[in-house]
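Values quoted throughout were computed directly from the atomic coordinates according to the rules given, and no laboratory measurement underlies them. Values in this document were obtained by computation on a predicted structure and should not be read as measured data. Neighbour counts run over all protein chains shown; Cβ positions are idealised from the backbone, glycine included.
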Amino acid sequence: MRRVMKALLIVAAVAALWAPTQARAEGYVSPWAGVNFGNDQAEGNWAFGANAGYMGAGIIGGEVDFGFAPDFFGESVDNHVMNVMGNLIIGIPVGGTRGPGIRPYVTGGLGLIRTRIDSGVSGIDAFTTNDFGFNLGVGAMGFFNDHFGLRGDVRYFRTLNEDTGGSELIDVDLGSFDFWRASVGIVIR
């Protein structure tokens, strides 16, 4: 009887090791380069950054978007715009979550939009703002295999301002600073 029990335990252990696993969250990292537009001062200025996130069951997930745009307002003075956003991403994996395929997606979220403009005059401090903002975008990830692909998207960024004139507990208005960004990059999952 002991031999039978040992054999059953060995068979059960081997079966557990070879059994298909459940679907897990699919993590990815995507360094990108892009161009800003839609703001007269930023027209055609370049940007770079990275996205990192996960897709639970391949359809819905979260990501962090980091972007940096040097010389956003032109090259006359030292300046930049930086964003860090926490986003929700929703995409449908055409071809499955493994192997070659494409995943069109929509994304949006909230976070920081930081602008900095040096005065260009000795003794006068730089102008820096840290604004709460949002972004909305659409794009697609295309995979060549299980781990490597390309990604492209277009996103709209805008600051939000607190309206302190109202008596409401939370009263937020759209800010005056906005721009678009088109980007392409690699994606590693």
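Taking the range 26-188 on its own, what percent of its Cα-Cα pair distances exceed 22 Å?
Values: 6131 of 13203 pairs.
Cα-Cα pairs in the range 26-188 separated by more than 22 Å: 46 percent.
Residue by residue through the range 63-68, what is 3J(HN,Hα) from phi via Karplus (6.51 cos²θ - 1.76 cosθ + 1.60, θ = phi - 60°)? Round to whole Hz and write x for glycine and proline.
8, 10, 10, 10, x, 9
When a footprinting reagent is the concern and you count Cβ atoms within 10 Å, what order do LEU160, LEU174 take, fewest first?
Values: LEU160 15, LEU174 12.
Ranking LEU160, LEU174 by Cβ neighbours within 10 Å, fewest first, gives LEU174, LEU160.
Using a 7 Å offset from Cα along Cα-Cβ at ASP178, what residues in the range 35-57 end up with backbone N under 11 Å from the label point?
39, by backbone N distance to the label point.
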